[in-house]
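Take a look at the structure below.
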Amino acid sequence: MSRQDIPLKTALSAEFAGEKIVTDPGELEYLSSDLVDWPNSAKATVGVQPEHTSEVVTAVRIAARCGASVAIRGGGLSYTRGLPPGDGDAVILDLSGLNEILVVAPEDLYVTVGAGCTWARLREALAPHRLRTVVRGPISGSVSTVGGAASQGLPSGLQGVLGLEIVLADGTLLQTGSGAVERAKPFFRTHGPDLSGLFLGDCGAFGIKTAVTLQLEAEPDGVAFASFAFSGSVQTARAMVAARRLDPRARLFAMDEAKNKEAANTDLAEGLKTLGSVTRTGRGLWRGLRDAAGIALDRGRGLAEAGMSLHLTCEGADSGIAGATLAKLKSVCLENGGNEIAPVVPTALHARPYSVRGFIGINGERWVPIHGIVALSDVEDALARIEAFLNERTELFHTHGITTSYILSVNASGFLIEPMFYWHDELSETHRRNLSIGQWAKYGGSKPNEDARAVVFEARAALRDLLAEIGAVSSQLGRFYPYRDVLAPQAFELARRLKSALDPDGRLSPGNLDLGG
């Protein structure tokens, strides 16, 4: 009997039992899906929900014997087709059960967690130590996982990842970073070649992350916030770039008019959660209550009327240092035409950094983003071309009830532009499992809207091509953003050789990064 003739379900069911094996068709369809309804997507033949790395090794070895491909799932919130499996027999590994905080080393400033640990869970575990990770998780971190970010990448980068535990396509278990050195702790990323870097942002094509070690830093005692309204994107971008050059550690992000209105009209339940978080995180009860009351009184004033809004968070060893830095950045904003408004958004986001409310629009619309990261000197040209692209489709979008918005942010090495599309359409099982009961009761009955969906898909693909033409780069590539077509041939050939060496049968996340399989 050839390895392809071995029944995959039978082989896995003999090893895994109960809740760790998934064969129900509906559940397999859910596990095989991300936030986008990709046409003609395959679904896994069988699912495995391991709770230990040894079980991942076993599942991968069985899949290899059966000639099956392997898809990898964390929080399931990607939107670039990196999650759905390829054609043929496929096992999907749901790694959300690998969610333990394995090691917290405050004295050595590192933490090791299972790949299925959410960013919110990690934040709670570190709070008693007054520590945080250098890598900031995405806003979806209440559901999205540390392993997912390591695999998909983050626009802000992954420089604070110190090491990985990885299962290769043949079941080999590998450590990277100084954790691979005998008798050494996993406190340092490089000892010789940076092997961790090979697997970061690979979208699961090179190996399966089962644990991640992250660098820690102290929570600062000083923090200060400010927000400004601007008339347009050019002035906003200029202020952001100038502020970035003054303080590379400041958090800077901006929202357009549509996003401002959405933020100003957050539903009551979400608003109360945020106010509670602000109260708890204020320096002392009185300050927390004062900040929360300020948000309640100022909510919507200034923000809803802003053409663009820019939000700043500065940190320091004490409030005086944070305030002095903020004062310099506020001067930059004023010099570029900004008008100061209440810092509702950065205060709330600092207190409650993780939420999935943004997965639908304020009126229950379907949502999907796209992004590009450009060099600081290319921001104005990129914004002009993106805005022209969207304006050319205004009438088409209006006909189908499609709206757009975008956010901007700047990090240590680049400028992120993230347009978003909204339209009324049927919500998915992924939405149902992540929205609140009230949100699902209100919006879960939306009818399918295939015409609008097709227009969004076409526009998003065309905008992706425009971003590549501009010279933008992206994270979370999956099978949506170009990799092969935008790389120099020599660079792609190296990636292809690595894939061939690590996964000669092309079974891990087949198709991701245009690497075949």
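I want to confirm something. Restricting to region 77-89 and keeping residues that are in contact (Cβ under 8 Å) with a residue 60 or more places away in the chain and in contact with a strand residue (DSSP E or B) (Cβ under 8 Å, 6 or more places away or on another chain), which single residue is surrounded by the most Cβ atoms within 10 Å (Cβ to Cβ)?
83
In region 450-474, which residues are buried (at least 19 other Cβ atoms within 10 Å of the Cβ) and more than 22 Å from the chain's Cα centre (by Cα)?
452, 453, 455
For every residue, the table says whether it meets (1) in contact with a helix residue (DSSP H, G or I) (Cβ under 6 Å, 6 or more places away or on another chain); (2) not assigned by TED's automatic domain parsing to the domain that holds residue 89; (3) not in a loop (DSSP other than H, G, I, E, B).
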residue	(1), (2), (3)
468	yes, yes, yes
485	no, yes, yes
492	yes, yes, yes
504	no, yes, no
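Taking into account only those residues within region 154-177 that are of a type in the set (Ser, Thr, Tyr) and farther than 24 Å from residue 65 by Cα, which is surrounded by the fewest Cβ atoms within 10 Å (Cβ to Cβ)?
Among them, the one singled out is 156.
Taking the stated definitions as given, is residue 511 under 26 Å from residue 373 (Cβ atoms) and surrounded by fewer than 19 Cβ atoms within 10 Å (Cβ to Cβ)?
No.
Which one of 338, 316 is more than 27 Å from the chain's Cα centre (by Cα), more than 26 Å from residue 144 (Cβ to Cβ) and either not hydroxyl-bearing (Ser, Thr, Tyr) or not assigned by TED's automatic domain parsing to the domain that holds residue 250 (or both)?
Only one candidate passes the filter, namely 338.
Which ones in region 197-237 are among the charged types (D, E, K, R), closer than 23 Å to residue 347 by Cα and not in a strand (DSSP E or B)?
Residues satisfying the conditions are 219, 221.
For region 87-124, name all the residues that are part of a loop (DSSP other than H, G, I, E, B), under 24 Å from residue 38 (Cβ atoms) and in contact with a Leu (Cβ under 6 Å, 6 or more places away or on another chain).
Residues satisfying the conditions are 89, 115, 116.
Please go through region 104-126 and give me each residue that is more than 19 Å from the chain's Cα centre (by Cα) and in contact (Cβ under 8 Å) with a residue 12 or more places away in the chain, ordered by number.
Selection gives 104, 105, 106, 108, 109, 110, 111, 112, 125, 126.
Name the single residue, out of those in region 35-48 being buried (at least 22 other Cβ atoms within 10 Å of the Cβ) and touching a Ser or Thr at 6+ places or on another chain (Cβ under 7 Å), that is nearest to residue 453 (Cα to Cα).
44
Run down 183, 249, 244 and say which single residue is part of a loop (DSSP other than H, G, I, E, B) and touching a residue at least 60 places away in the same chain (Cβ under 8 Å).
After ruling out the rest, the residue left standing is 249.
Residue-wise test of (1) in the same structural domain as residue 317 (by TED's automatic domain parsing); (2) hydroxyl-bearing (Ser, Thr, Tyr); (3) within 20 Å of residue 478 (Cα to Cα); (4) at pLDDT 95 or above.
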site	(1), (2), (3), (4)
77	no, no, yes, no
83	no, no, yes, no
108	no, no, no, yes
115	no, no, yes, yes
120	no, no, no, yes
124	no, no, no, yes
133	no, yes, no, yes
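Among residues belonging to region 307-342 that are polar (S, T, N, Q) and in contact with a helix residue (DSSP H, G or I) (Cβ under 6 Å, 6 or more places away or on another chain), point out the one that is farthest from residue 408 (Cα to Cα).
Ranking the qualifying residues of region 307-342, first place goes to 336.
With the requirement that a residue be closer than 25 Å to residue 248 by Cβ and aliphatic (A, V, I, L, M), what does region 128-160 give you?
131, 134, 135, 139, 146, 149, 150, 154, 158
Taking residue 151 as the residue in question, decide whether it is surrounded by fewer than 23 Cβ atoms within 10 Å (Cβ to Cβ), under 20 Å from the mean Cα position of the chain (by Cα) and outside the structural domain of residue 7 (by TED's automatic domain parsing).
It is false that residue 151 is surrounded by fewer than 23 Cβ atoms within 10 Å (Cβ to Cβ), under 20 Å from the mean Cα position of the chain (by Cα) and outside the structural domain of residue 7 (by TED's automatic domain parsing).
Please pick out the residue among 325, 313 that is among the hydroxyl-bearing types (Ser, Thr, Tyr), touching a strand residue (DSSP E or B) at 6+ places or on another chain (Cβ under 7 Å), within 19 Å of residue 246 (Cα to Cα) and part of a strand (DSSP E or B).
Just one listed residue meets the conditions, 313.
In the list 184, 169, 205, 211, which residue meets the criterion of being more than 29 Å from residue 72 (Cα to Cα), outside the structural domain of residue 333 (by TED's automatic domain parsing) and at pLDDT 95 or above?
Result: 184 is the single residue among 184, 169, 205, 211 that is more than 29 Å from residue 72 (Cα to Cα), outside the structural domain of residue 333 (by TED's automatic domain parsing) and at pLDDT 95 or above.
The values are calculated or read from the model by the stated rules, or taken from the named source; none is laboratory data. Quick caveat, the model's predicted, so the values are computed rather than measured. When we count neighbours, we look across all protein chains shown, and the Cβ atoms used for this are built from the backbone with ideal geometry, even at glycine.
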